[in-house]
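First comes the structure, then the notes that go with it.
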Amino acid sequence: IALSLTMMAGLFLIVLGPRFIAWWIDPTFEKPAGQVLQILMVSYLVFLPVRGVALPILMGLGKPGLPTIGFLVAGLINLGLSVVLARPLGLAGVAIGTAIPNVLFAALVLVHACRELQTPVAGYLRYVVPRATLGALPVLALLFWFKLGLDVRSLGGLASAGVAMVLLFGLTWVFFVYRNDPYVDLRARLPLLRAWSRA
């Protein structure tokens, strides 16, 4: 679920985030600031689900040591890479210097959490990643249609793209990503939602 929620917001920001920046600040910011947003958001697709789920599990198990050291080392790597990459790549280099430690930290914490829960990492990845990735393809196609086909730039256009994306995302996740899921049965909950909305 954490990956799903991260993907929902993240895909929108990766594809249409630069357009929002252009509308909000100035069109000249679309490329440089948008590039930074895209670099960071790609790393957050890996970092945020682990940070939101695996890290609290380790804290609850009383195993905060490795994540704490990992955060410290990630911060030092971030600083070093940002300094090295800032001159040749500018602000994008600083973003890359932040993105790489995010992904490394997420991998470290994920492996540690799986080990503590006696869950094979490969089994976890097989359960979480493939269906969500396939489910993201129609959502990405819709977002690129709004960006390239309709060339949305106004707040109304961006809001419409967001609403359409959320609807498609919800349908795709209910009827494909979580279909026959052993842990999350969203389709079984649909009648409950309909009954609740009538009340």
How many angstrom lie between the C-alpha centres of region 76-98 and region 162-182? 36
Could you derive backbone 3J(HN,Hα) for region 32-49 from the dihedral phi with the Karplus parameters 6.51, -1.76 and 1.60 (θ = phi - 60°), listing whole Hz in sequence and x where the residue is Gly or Pro? x, 6, x, 5, 4, 4, 5, 4, 5, 5, 4, 5, 5, 4, 8, 5, 5, x
Can you tell me the alpha carbon radius of gyration of the chain divided by the globular rule-of-thumb value 2.2 N^0.38 Å? 1.17
Using alpha-carbon pairs under 8 Å, 6+ residues apart, how would you state the relative contact order of region 29-157 in percent? 28
Counting just the Cα atoms, what span does region 76-165 cover along each of its three principal axes? Round to the nearest Å and put the largest first. 46, 41, 17
Which whole-Hz ³J(HN,Hα) couplings does region 101-113 yield from phi under the Karplus relation 6.51 cos²θ - 1.76 cosθ + 1.60, θ = phi - 60°, glycine and proline marked x? x, 4, 5, 5, 4, 4, 4, 4, 5, 4, 4, 5, 5
Summing -39500 (n - 2.57) over every DSSP H run of at least 4 in the chain, dividing by its residue total and rounding to the nearest 500, the 222 nm mean residue ellipticity is -26500 deg cm²/dmol
Most exposed to least, judged by fewest other Cβ atoms within 10 Å, LYS63, LYS147 sort to LYS63, LYS147
Could you put LEU143, LEU66, LEU155 in order, starting from the residue whose Cβ has the fewest other Cβ atoms within 10 Å? LEU155, LEU66, LEU143
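Read-outs: derived from the displayed coordinates by stated rules, not from any lab. Keep in mind the model is a prediction, meaning the values are calculated, not measured. A quick note on method: Cβ atoms are made from the backbone with ideal geometry, for glycine too, and the neighbour counts reach across all protein chains shown.
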